[in-house]
Amino acid sequence: MKKTIIFDLGGVLIDWNPRHLYRKIFVDQEEMEFFLSQICTPDWNAQMDRGYPFKTAIRELTDQYPEYALQIQAFFERWEEMIVGSFPETVKILEEIKRAGYPLAGLSNWSGETLPRVAHHFEFLAWLDPLVVSGEVEMVKPDPEIFQYLLKMIQRDPGECIFIDDIEINIQTAEELGFEPIHFVSPIQLRSRLAELGILVNNQI
């Protein structure tokens, strides 16, 4: 039986980055970086990836930083502007794997409130079956529980799966659980590593 190949979304297939939005909002890049590292931080955003309501999180943060109220509210109100599309080279690899008959799945840290707002733009999301979204199941990577949840859904052992992610700590957990992990760096690197593992993909991007 062919291995199941599991893809992360943001940073691998979809170009999500809050800077795509906040470069439009902040004139001063240093202030933008301060805002994203000290106010709307990755840890703050991770709450929503776990299922915490955006409305509540934004109210709490604007109470704490009223001088940045508009910028904080934009994190949800203008969230779509954090995405500038997909990574075409990675999507092409995904399509080749699909055509070769490998089972595909998705495992992503993403708010259940926001992904539905853009999912219709990405046809390839329908190829990932199942697509486990952290905000919908209220579990997040790198916690082992969400990996176990996916394995139960697809009824496979970790050794029967290849897991692709751009975040090192997620890769570490997957490896500890017995997955074949690929730390995504670039489409070229991904294609090369898949070829080493015997996955049928073309040599050209």
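The values are calculated or read from the model by the stated rules, or taken from the named source; none is laboratory data. Here the structure is a predicted model, which means the values were calculated and not measured. Cβ coordinates were reconstructed from backbone atoms using ideal geometry, including for glycine residues, and neighbour counts include every protein chain displayed.
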Q: For segment 148-164, indicate whether the set of residues that are more than 15 Å from the chain's Cα centre (by Cα), hydroxyl-bearing (Ser, Thr, Tyr) and farther than 18 Å from Ile182 by Cα is non-empty.
A: yes
Q. In segment 44-68, which residues are assigned to a helix (DSSP H, G or I) and at positive phi?
A. none
Q. Quick check, is Glu136 part of a helix (DSSP H, G or I), in contact with a Gly (Cβ under 6 Å, 6 or more places away or on another chain) and of a type outside the set (Lys, Arg)?
A. yes
Q) In segment 139-156, which residue that is of a type in the set (Val, Ile, Thr) and outside any loop (DSSP other than H, G, I, E, B) is farthest from Asn45 (Cα to Cα)? A) Ile154
Q: Name the single residue, out of those in segment 22-43 being part of a helix (DSSP H, G or I) and charged (D, E, K, R), that is farthest from Ile58 (Cα to Cα).
A: Glu30
Q.
Looking at segment 157-167, can you tell me whether even one residue there is on the phi < 0 side of the Ramachandran plot, free of Cβ contacts under 8 Å to residues at least 24 places away in the same chain and in a helix (DSSP H, G or I)?
A. yes
Q) Of the numbered conditions (1) touching a residue at least 12 places away in the same chain (Cβ under 8 Å); (2) under 18 Å from the mean Cα position of the chain (by Cα); (3) surrounded by 16 or more Cβ atoms within 10 Å (Cβ to Cβ), Gln47 satisfies every one except a single condition; which is it? A) (1)
Q) Can you tell which of Glu113, Glu67, Glu77 is assigned by TED's automatic domain parsing to the domain that holds Leu9 and either out of contact with any Pro (no Cβ under 7 Å at 6 or more places or on another chain) or at pLDDT below 95 (or both)? A) Glu113
Q) Scanning segment 153-179 for residues that are under 17 Å from Met1 (Cα atoms) and charged (D, E, K, R), which turns out surrounded by the fewest Cβ atoms within 10 Å (Cβ to Cβ)? A) Asp157
(Q) Here's a check for you: in segment 180-194, which residue that is touching a strand residue (DSSP E or B) at 6+ places or on another chain (Cβ under 8 Å) and assigned to a helix (DSSP H, G or I) is surrounded by the fewest Cβ atoms within 10 Å (Cβ to Cβ)? (A) Arg193
